[in-house]
Amino acid sequence: MKEELVEMIRAREAQIAVIGLGHVGLTTAAVFADAGFQVTGTDLKQEVIRAVSSGKSCIKELRLDELVGNVVRQGRLKATTNTLQAVREADIVIICVQTPITQDKEPSLTYLGKACETVAEELSEGKLIVVQSTVPPRTMKNLVARILEEGSGLKCGEDFWLANCPERIVSGKAIQEFIENVRIVGGYNSESAEIAVELFKAVTKGDILTTDCTSAEVAKLAENAFRDVNVAFANELALICEQIDIDAMEVIKLANTHPRVNIHKPGCGVGGPCLPKDPYLLLHPVKERDFKSRVIEPSRELNDYMSKHAVELVVKALKKLGKDASESKVTVLGVAYKGEVDETRNSPAEGIVRELMGLGAEVVVYDPYCEESFGAGRAKDVDEAVRGADCIVIATDHKMFGELELEKIRALMNEKPAIIDGRRVVNPSEANRQRFTYFGIGYGVE
């Protein structure tokens with residue numbers, strides 16, 4: 001069975017079902033279809049199926065709309081809500097569902113569990129199941145394999161194969177990174193890993209490293225936890241620099257000239273679908289053993305705090321100008337979690353907007369990519385957003401916010417205006433020259 005599936009993969013004759021057409025799933029489906037495979041993508045959302053079926057991507061991602069259009073027209077990618085049929089017809093199933101956390105910071109594997117139950121109903125001998133979703137350690141063996149075996153009556157690693165190949169892509173470069181990045185394949189057993197390597201060799205230019213399932217799970221979580229910890233260090237350094245009246249960006253630039261130092265950029269918080277949750281997924285199995293995190297969890301808490309700190313700077317700036325938040329209009333520029341994307345999941349802007357509204361401020365937001373406002377008023381452009389405002393908070397590093405015409409902006413705002421630069425995209429000297437009261441994350445405010 002193994003040799004037959006490998007030959008089908010090499011000949012691009014294996015049929016693939018991709019479950020979950022979010023960012024990762026749609027990228028996966030489009031790339032494999034472009035490589036010559038027959039791919040069926042499945043999703044519960046009718047609007048997603050309609051978009052893909054018409055050759056469009058409902059996700060803002062470089063080149064993805066064009067790629068989806070091409071493979072749909074060529075008949076190599078189709079979309080459906082009928083996951084059972086897609087699994088039944090497939091030789092390979094790739095699961096790309098979300099794995100969020102609860103309000104209590106516990107993993108929620110409901111979507112993954114339901115996807116596995118559906119796969120198990122139509123699982124037959126000789127199929128390869130690949131999980132690209134980011135999961136807590138031991139999920140593959142303790143949850144995925146168990147559900148697939150119990151639901152199908154088949155033996156994992158013998159009758160069918162199972163591998164974990166965690167996604168390693170970033171918004172804005174998803175297709176490029178899917179193809180070029182080093183891939184990690186964690187096999188349930190050695191045969192599972194070997195088949196999964198053959199699959200990803202068909203679309204990956206980078207190296208493919210093999211390991212066991214649990215090591216692959218932890219490696220993915222370690223990547224994002226490391227980035228989160230690095231940002232937390234930058235944020236704590238920024239808070240120190242504020243207290244002693246120096247610019248953290250200058251300090252970081254100088255420190256990063258050391259060949260073994262790479263301090264990330266501070267800001268008003270960390271958002272998106274991965275970094276705010278993956279550290280908690282990593283800690284989940286050891287917290288049950290009363291393990292106390294001394295680095296990862298405190299870092300996560302510090303990064304969450306930074307949106308509150310941005311609001312503290314708003315209050316401080318307004319007070320310096322003789323104003324009160326409850327009687328002021330505050331414009332929040334950007335609701336996406338990072339620049340040039342349309343994703344608002346876990347965006348720091350949400351905390352900033354809600355905190356300001358809780359203080360009684362009139363809050364208006366503007367984002368060129370997002371319709372979300374988190375309950376605030378929404379402007380149609382920058383001019384409308386800043387007109388009559390007392391303070392601007394830059395919460396997202398969209399390129400356009402670093403290119404604001406400050407002289408024009410100041411003329412539209414109330415007397416004695418302030419800028420709180422949560423992403424450090426404005427030149428402080430220029431802001432001061434234009435007679436703004438400028439506070440930035442990591443910019444001396446004493």
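The values are calculated or read from the model by the stated rules, or taken from the named source; none is laboratory data. All of these numbers come straight from a predicted model, not from anything done at the bench. A quick note on method: Cβ atoms are made from the backbone with ideal geometry, for glycine too, and the neighbour counts reach across all protein chains shown.
Any residue at all in segment 12-20 that is touching a helix residue (DSSP H, G or I) at 6+ places or on another chain (Cβ under 6 Å) and more than 18 Å from Ser124 (Cα to Cα)?
no
What's the number of the only condition in (1) more than 15 Å from Asn235 (Cβ to Cβ); (2) in a helix (DSSP H, G or I) that Arg289 fails to meet?
(2)
Name, by its number, the condition in (1) under 19 Å from Glu217 (Cα atoms); (2) buried (at least 17 other Cβ atoms within 10 Å of the Cβ) that does not hold for Lys287.
(2)
Could you tell me which of the residues Lys155, Lys173 is modelled with pLDDT under 95 and either in the same structural domain as Asp91 (by TED's automatic domain parsing) or surrounded by fewer than 19 Cβ atoms within 10 Å (Cβ to Cβ) (or both)?
None of the others qualify; the one that does is Lys173.
Every residue, every condition in (1) among the β-branched types (Val, Ile, Thr); (2) farther than 21 Å from Glu149 by Cβ; (3) at pLDDT 95 or above; (4) part of a helix (DSSP H, G or I), yes or no:
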site: Val52; (1), (2), (3), (4): yes, yes, yes, yes
site: Val72; (1), (2), (3), (4): yes, yes, yes, yes
site: Ala79; (1), (2), (3), (4): no, yes, yes, no
site: Leu84; (1), (2), (3), (4): no, no, yes, yes
site: Ile94; (1), (2), (3), (4): yes, no, yes, no
site: Tyr111; (1), (2), (3), (4): no, no, yes, yes
site: Thr118; (1), (2), (3), (4): yes, no, yes, yes
site: Leu123; (1), (2), (3), (4): no, no, yes, no
site: Ile129; (1), (2), (3), (4): yes, no, yes, no
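Restricting to segment 186-219, count the residues that are in contact with a Lys or Arg (Cβ under 9 Å, 6 or more places away or on another chain) and assigned to a loop (DSSP other than H, G, I, E, B).
Counting residues in segment 186-219 that are in contact with a Lys or Arg (Cβ under 9 Å, 6 or more places away or on another chain) and assigned to a loop (DSSP other than H, G, I, E, B) gives 5.
Of the residues that sit in segment 399-443 and are polar (S, T, N, Q) and part of a helix (DSSP H, G or I), which one is surrounded by the fewest Cβ atoms within 10 Å (Cβ to Cβ)?
Taking the candidates together, the pick is Ser429.
With out of contact with any strand residue (DSSP E or B) (no Cβ under 7 Å at 6 or more places or on another chain) and more than 23 Å from Val341 (Cβ to Cβ) as the only criterion, which of Gly69, Gly75, Gly22, Gly55 stands out?
So the residue among Gly69, Gly75, Gly22, Gly55 that is out of contact with any strand residue (DSSP E or B) (no Cβ under 7 Å at 6 or more places or on another chain) and more than 23 Å from Val341 (Cβ to Cβ) is Gly75.
Between Pro276, Pro298, which is surrounded by fewer than 20 Cβ atoms within 10 Å (Cβ to Cβ) and in contact (Cβ under 8 Å) with a residue 24 or more places away in the chain?
Pro298
Can you tell me which condition Ile59 does not meet? The list is (1) modelled with pLDDT under 95; (2) surrounded by fewer than 20 Cβ atoms within 10 Å (Cβ to Cβ), and all the others hold.
Result: Ile59 passes all but (2).
Here are some conditions: (1) surrounded by fewer than 19 Cβ atoms within 10 Å (Cβ to Cβ); (2) under 30 Å from Lys60 (Cα atoms); (3) at pLDDT 95 or above. Thr134 meets all but one. Which one does it not meet?
(1)
Can you name every residue in segment 296-313 that is closer than 22 Å to Val218 by Cβ and under 19 Å from the mean Cα position of the chain (by Cα)?
Ile296, Glu297, Ser299, Arg300, Glu301, Asn303
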